[in-house]
Amino acid sequence: MKLPKTYEPSEYEANIYALWERSGAFTADPTSHKDHFSISMPPPNETGTLSLGHALFLTLQDIMARHARQQGKDVLWLPGTDHAALPVNAIIERKLVEEGTNKHEIGRDAFLARTREFVADSRGTMLTQMRAMGASADWTRLRYTLDDALNRCVNETFTKMYSDGLIYRGNRIVNWDPILETNVSDIEVEYVEEKAKFYTFQYGPFQIGTARPETKFGDKYVVMHPDDERYATYQHGDTFETEWINGPITATIIKDDAVDPKFGTGVMTITPWHSQIDFEIAERHGLDKEQIIDFHGKLLPIAGEFEGLTITEARERIVQKLDHKGLLVKTDDHYLHSIAVNERGKAVIEPQIRLQWFVDVNKPVVNWKGKQRSITEVLQAVIADKDITITPQRFNKIYSHWVDNYRDWCISRQIWWGHRVPAWYRTDTDGKQETYVGVQPPTDQSDGWHDWEQDPDTLDTWFSSALWTWSTLIDPAIAQDYSLSLDELLQLSPDFKAYHPTTVMETGWDILPFWVIRMILMSTYVTGQVPFKDVYLHGMVKAADGKKMSKSRPESIIDPLKIIPQYGTDALRMGLIMGVKPGNDQNWSTGKIEANRNFCNKLWNIARFIEATLGDDYTPEKLEITSVADHWIMQKLQQNQQAIHADLDQYAFSEAYDKLYHFIWDDVADWYIEASKAAPNKPLLAFLLETMLLLVHPFAPFVSETVWQTLGWEGDSLLATKTVVAIPKAAAAKAESFTQIQNIVTESRFIQNALKVSGVTLYYNGVDFLRDNAAIIKRLARLRDVTEVTDGTGLYLTSTSASCWLDIDQATAKAYLGELAQKQTQQKAVITQLEQRLSNTSYVKNAPHAVVTQTKDQLAEARQLLVSLEREYARFDTTA
RNA sequence: GGGCGCUUAGCUCAGUUGGCUAGAGCAUCUCGUUUACACCGAGAGGGUCGGGGGUUCGAAUCCCUCAGCGCCCACCA
């Protein structure tokens, strides 16, 4: 015996993984004549550690990749990491503060050197941990969002979009984080409910409500809905004088339908510099905009005596001052509103107007299928035209909703870690400014002009992530040749030619708007291709109580690296996909992991049994399907293999897993292995094991490969690189006989259990398949014997048409009358139901023929069973 | 305000275009240590599929409605 008694995953996993990687089993070959299959791995944060979310996506993508390899495809699963600009930048800034310095003191170059050092130290951690999950990724093609080639792609794309007018620079209102001192995109902002005070002030003839009096210094426009009857006497453009915080001001009346007449007094003043809505109103009417709060969150000189105070410091004092002036009308202490915070760091967002770079999503300059369209039009078209399908389907709606509400994407960030905006500015001696945008820095020097200076900002991390599917396929060596255009780079890169569009994008539904939509945006624009044909979205793994795993509740976080040594990676993988629907969140449950640890053990022991049965001196023999059990298991094997592959082709992972689990545990272990103990078919057992290992492999690669390697039936061959084997055809009639045997065994067990008897003899009268399988039945039903007789008394079995009975004396058997009566009642109910259905002419007329036939068969079967039951019942009733 | 999802056994969840007596894992109860496995085997109990209405020969599945839970988006002057 080569297989030890128990499977200890931790003793094998690392070695098995090393064996795979060393062998090149995961290395893609773009020159292969096989069909290509490709997945871009969503690049995790390079400084992160493996979470259950990572474990889930690695499992799903690994199943896809391994399944495709088994189907004989050339597979590229391209791994990588993301530079995660904002969080990494924040970590370094915090470290600097802890050291008593800051980024401005040490300067940009030192800051970047410091950051590079930090990420280099931590990047390996994530890569090692991804391997621990068994990920069959092509590590020879590992990419990083800050690779030189990717940086070139970023600059090329930016330049191309700039020249097409898809990227512009403008003064727009942005979500400003005064703590991290950068702006963040709309979708990185989250809202937190907060109870606040809501003040109503007298403002000239009007009353206005606000929760933010500290922004009101510069307010000189009062806005109301044009149809609001209460203010019909006031005309758009009218002015009036009023006393305000720091003395008298002149205010102008503006009519705009952005105002909700039902809210408060239906009148508001606006602060265009610090509110999205106010900004839009100001834009519509060409109004002045003034900055009130600086970029550190402090009040500017316009606040007069309040200058330099923070928002919270100033608020109460301003209210007091207005109160003293008699302008405070009322205060509502129970006002509930949402405040915007940055999801990274949770700092309160202060809208600010800043000169930023934006992607224009509405300009119709993208060439898609021969037409000039806007980005949003292309994004809608790829779904409408089914160039891309999303699983589960319901996310189509969510996708459309996002795209319909897409606003210009602000792509510049005021942090240092990341791809720097490829724009340079210079001024001449008269102060005239010139902008240059290009892949490489401008080199010209002209008299009368100052030197070029690069834009200090970096790009949103998602800008480079959006290029991921194709930028990672560009040959890094070719990318160094700047004489080539971006299009030439793509066309000359073998990986791009072979693997793009990628086959499928597997990721969490939460980053559909951040990433999936933007990859489609960039890929269609730059390459003219969709980035992927299918999108598969998985759900979140939440804590056992159904709430999010959160750093604020450390006890809620499950660390996969603690689960793996305890239960094995395979158990974790299968536990994460068991019973989980695409796009649905799941709650963590150790029970599922345990169940799969047990499943691995079951598989291991099936292998041990087969190994022991074959014996050490076993030499391969020709496969022959002989017994009814053989035919039955081969039929099951064939059906399950087909069904499991079909499920996997449709990304129905939990369905495929469920079939696999029950085939192996119920059919193979509980029936076929047990039957084999009476009469083993060695070549068939060997074939069955090999086929099972192949079926299990995508789900549980470690245990399956460990068994395969330990047995060493084919020398050095790897299970990971084997392809699907054809299953020889079984005879349906013989397989059916085995189900008869199952009925006999099950009923015999049931009766013995119910009557608390054991070691009973089963008699039968002239039934061939019973004669042939007497030993198997005896063993499985734990009978004393299975004997052929011509006649006799006892308790007849009712679940089979075969004539057989258990040798149980009348007195004991009488106790079974109750069971028989109960079964009769059940059976009569079934028959009544079926008869009613068939007597319904509409049913017979309307239901599909197959369904009606099925019903008739069921009825015939049910009647037959009832006859048996009644006969048996009568026999005892009369002899009693 | 708009949208999406969920509500099925004690618990966690499957149930693919409507069609076997609605399933799984865990838990529970009974029996059992037979040399693959106690991380085991055999057997059992347990659900009027959230409530109500409708469509249909037929509804857990489709439609309407109500209730509860969760999430997303917008707004919050």
For a bin width of 10 Å, list the pair-distance distribution of the stretch A:804-854 built from all Cα-Cα distances, rounded to whole %. 21, 30, 20, 18, 11, 0
Distance in Å, no decimals, from the C-alpha centre of the stretch A:272-293 to the one of the stretch A:31-95 is 43 Å
Express in whole angstrom the spacing between the alpha-carbon centres of the stretch A:472-506 and the stretch A:819-862. 63 Å
DSSP-assigned coil residues among GluC sites (Glu not before Pro) in the stretch A:60-134, each with at most 14 further Cβ atoms within 10 Å: A:GLU99
Test of the criteria: in the stretch A:542-629, which GluC sites (Glu not before Pro) are in a DSSP loop and have at most 14 other Cβ atoms within 10 angstrom of their Cβ? A:GLU621, A:GLU624
Tell me which residues come under 5 Å, amide H to amide H, from A:HIS538 once H is placed; ignore anything under 5 positions away on its chain. A:THR507, A:GLY508, A:TRP509, A:GLY583
Calculate one ³J(HN,Hα) per residue across the stretch A:717-723 by plugging θ = phi - 60° into the Karplus curve 6.51 cos²θ - 1.76 cosθ + 1.60, and present them in order as whole Hz with x for glycine and proline. 4, 9, 4, 4, 10, 7, 9
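Within the set of other residues whose C-beta is less than 15 Å from the C-beta of A:GLN433, count the net charge using Lys and Arg as +1 and Asp and Glu as -1.
Details: positive: A:ARG169, A:ARG426, A:LYS432; negative: A:ASP428, A:ASP430, A:GLU434, A:ASP451, A:GLU453, A:ASP455.
That works out to -3.
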If we sort A:706-718, A:55-67 on the protection proxy, mean other Cβ atoms within 10 Å, highest first, what's the order? A:55-67, A:706-718
Take A:ILE339, project a point 7 Å from its Cα along the Cβ direction, then tell me which residues of the stretch A:171-195 have their backbone nitrogen under 17 Å from it. A:175-181, A:189-195
Sorted by mean Cβ packing within 10 Å, highest first, what order do the peptides A:601-609, A:540-548 take? A:601-609, A:540-548
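Within the set A:LYS602/A:LYS814; A:LYS34/A:LYS386; A:LYS34/A:LYS602; A:LYS195/A:LYS298; A:LYS255/A:LYS298; A:LYS636/A:LYS677, which residue pairs have Cα atoms separated by over 29 Å?
Details: A:LYS602/A:LYS814 40 Å; A:LYS34/A:LYS386 25 Å; A:LYS34/A:LYS602 35 Å; A:LYS195/A:LYS298 22 Å; A:LYS255/A:LYS298 31 Å; A:LYS636/A:LYS677 19 Å.
With Cα atoms farther than 29 Å apart: A:LYS602/A:LYS814; A:LYS34/A:LYS602; A:LYS255/A:LYS298.
List the pairs from A:LYS262/A:LYS346; A:LYS823/A:LYS845; A:LYS220/A:LYS321; A:LYS592/A:LYS659 whose alpha-carbon separation is above 26 Å, in the order I gave them. All intermediate terms of the calculation are to be shown ahead of the outcome.
Working: A:LYS262/A:LYS346 32 Å; A:LYS823/A:LYS845 32 Å; A:LYS220/A:LYS321 18 Å; A:LYS592/A:LYS659 16 Å.
As for pairs spanning more than 26 Å Cα to Cα, those are A:LYS262/A:LYS346; A:LYS823/A:LYS845.
Using a/c under 1.5 as the rounded threshold, could you call the stretch A:1-94 rounded, prolate or oblate? The axes a ≥ b ≥ c are square roots of the C-alpha gyration tensor eigenvalues, and prolate needs a/b larger than b/c, oblate otherwise. Walk me through the numbers on the way to the answer.
Details: a/c = 2.56, a/b = 1.30, b/c = 1.96.
In terms of gyration-tensor shape, oblate.
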Note: the stretch A:640-706, point scatterers on Cα, Debye, no solvent; log10 I/I(0) at q = 0.16, 0.24, 0.27 Å⁻¹ equals -0.57, -1.08, -1.21
May I ask you to work out the translational diffusion coefficient for chain A at 25 °C, viscosity 0.890 mPa s, via Stokes-Einstein with Rh from the Kirkwood sum over Cα pairs, reported in whole µm²/s? 74 µm²/s
Starting at the first residue of the stretch A:666-680, write each ³J(HN,Hα) from the Karplus equation 6.51 cos²θ - 1.76 cosθ + 1.60 with θ = phi - 60°, in whole Hz, x for Gly and Pro. 7, 6, 6, 5, 6, 10, 5, 4, 5, 5, 5, 5, 7, 8, x
So what are the ³J(HN,Hα) numbers for the stretch A:462-470, from phi and the Karplus equation (6.51, -1.76, 1.60; θ = phi - 60°), rounded to whole Hz, Gly and Pro as x? 5, 5, 6, 4, 5, 8, 3, 4, 9
Filtering trypsin sites (Lys or Arg not before Pro) in the stretch A:1-38 by DSSP loop and by at most 16 other Cβ atoms within 10 Å leaves A:LYS2, A:LYS5, A:LYS34
Length gained if A:SER10 through A:LYS386 is fully extended, taking 0.36 nm per residue and subtracting the Cα-Cα distance, is 130.9 nm
Alpha carbon centroid spacing (whole Å) that separates the stretch A:615-663 from the stretch A:554-589: 27 Å
Could you list which residues have their amide H under 5 Å from that of A:GLY308, counting only those 5 or more apart in sequence or on another chain, with H placed in the peptide plane? A:LEU299, A:LEU300
Among the aspartates and glutamates, which have Cα under 17 Å from the Cα of A:LYS216 when same-chain residues fewer than 8 positions away are ignored? A:GLU241, A:GLU243, A:ASP278, A:ASP288, A:GLU290, A:ASP294, A:GLU305, A:GLU307, A:GLU313, A:GLU316, A:ASP323, A:GLU350
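A short reminder: the numbers here are calculations on the coordinates, not readings from a lab. Everything numeric in this text was worked out from a predicted model, so none of it was measured. When we count neighbours, we look across all protein chains shown, and the Cβ atoms used for this are built from the backbone with ideal geometry, even at glycine.
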